[in-house]
Amino acid sequence: MELMKAIAIRKSTRSYKSEQISDETLDTIIKAGCAAPIGMGAYNSMHLTVIQNVDLLNKITNITREVFGNPKMNPLYDAPTLVIVSSKPNEKAPAIGLANASCIIENMSLAGIELGVGSVYLLGFVFAISKNEDLIKELNLPEGFVPDAGIALGYPTEPLTNEEELKQAIETNIIK
């Protein structure tokens with residue numbers, strides 16, 4: 001699939017089939033994420049945690065519901081796979097972890113489109129789980145790393161074939 005078509009097809013998927021994505025598909029998506037540009041080339045400052053354990057996914061959902069005070073909230077959209085992107089905080093560049101996580105997630109999302117996998121960028125659950133020390137320990141992150149963002153992955157209940165017309169939706173000024 002050509003890149004511009006993948007970009008036009010990509011959308012936030014909020015409804016997934018229960019079928020788990022294959023290990024081969026997951027591996028390809030992870031490799032795409034690892035090919036993302038990372039600030040200062042500090043790839044060792046980033047970490048990916050892949051969660052496919054239903055009990056842990058449910059625990060993350062329930063903690064997020066509790067923190068946000070919304071028992072009907074579905075923060076992971078019942079996706080069968082969650083990838084949490086974490087970083088080692090950098091005092092010289094405090095926002096670099098989130099910027100790097102965003103690049104990683106976008107690469108993963110676009111790779112997923114080519115493989116028929118839907119995705120959605122997730123941020124709210126990070127605020128919720130970061131308040132729960134027991135859950136953070138359960139994620140088995142390397143020493144000094146903190147979650148920045150996540151991406152839900154899975155086969156969408158609606159096909160990823162509706163190509164949107166690419167248009168300039170963000171006001172832009174060009175200075176020459």
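The values are calculated or read from the model by the stated rules, or taken from the named source; none is laboratory data. None of these values were measured; they are calculated from a predicted model. Reconstructed Cβ throughout: ideal geometry from the backbone, glycine too, with neighbour counts over all protein chains shown. Accessible surface areas use protein heavy atoms only, side chains included; no ligands, DNA or RNA. Shrake-Rupley method; radii C 1.70, N 1.55, O 1.52, S 1.80 Å.
All conditions but one from (1) surrounded by 15 or more Cβ atoms within 10 Å (Cβ to Cβ); (2) touching a Pro at 6+ places or on another chain (Cβ under 8 Å); (3) more than 22 Å from Asn74 (Cβ to Cβ) apply to Asn90; the one that does not is (2). Quick check: is even one residue across the stretch 33-52 within 15 Å of the chain's Cα centre (by Cα), part of a helix (DSSP H, G or I), on the phi < 0 side of the Ramachandran plot and modelled with pLDDT of 95 or more? The answer is yes; a qualifying residue exists. Does the stretch 68-76 include one or more residues that are surrounded by 16 or more Cβ atoms within 10 Å (Cβ to Cβ), of a type outside the set (A, V, I, L, M) and under 16 Å from Gly124 (Cβ atoms)? Yes, the stretch 68-76 contains at least one residue that is surrounded by 16 or more Cβ atoms within 10 Å (Cβ to Cβ), of a type outside the set (A, V, I, L, M) and under 16 Å from Gly124 (Cβ atoms). Contact map, the stretch 1-27: residues that are within 15 Å of Ala79 (Cβ to Cβ) and open to solvent by 80 Å² or more (accessible area, probe 1.4 Å) paired with residues that are at pLDDT 90 or above and among the aliphatic types (A, V, I, L, M), Cβ distance under 8 Å, separation 6+ or inter-chain. Pairs shown: Arg14/Val120. Filtering the stretch 148-160 to residues that are under 15 Å from Ala111 (Cα atoms) and open to solvent by 10 Å² or more (accessible area, probe 1.4 Å) leaves Tyr155, Pro156, Leu160.
The sole residue among Leu166, Leu110 that is at pLDDT below 95, farther than 22 Å from Ile60 by Cα and outside any strand (DSSP E or B) is Leu166. Residues in the stretch 114-131 include at least one that is part of a helix (DSSP H, G or I), touching an Asp or Glu at 6+ places or on another chain (Cβ under 8 Å) and under 26 Å from Ser18 (Cα atoms). Annotation note: of Leu98, Leu56, the sole residue that is part of a helix (DSSP H, G or I) and open to solvent by 50 Å² or more (accessible area, probe 1.4 Å) is Leu98.
When you check Gly150 against the structure, is it in a helix (DSSP H, G or I), modelled with pLDDT of 95 or more, within 17 Å of the chain's Cα centre (by Cα) and not hydrophobic (A, V, I, L, M, F, W, C), yes or no? It is false that Gly150 is in a helix (DSSP H, G or I), modelled with pLDDT of 95 or more, within 17 Å of the chain's Cα centre (by Cα) and not hydrophobic (A, V, I, L, M, F, W, C).
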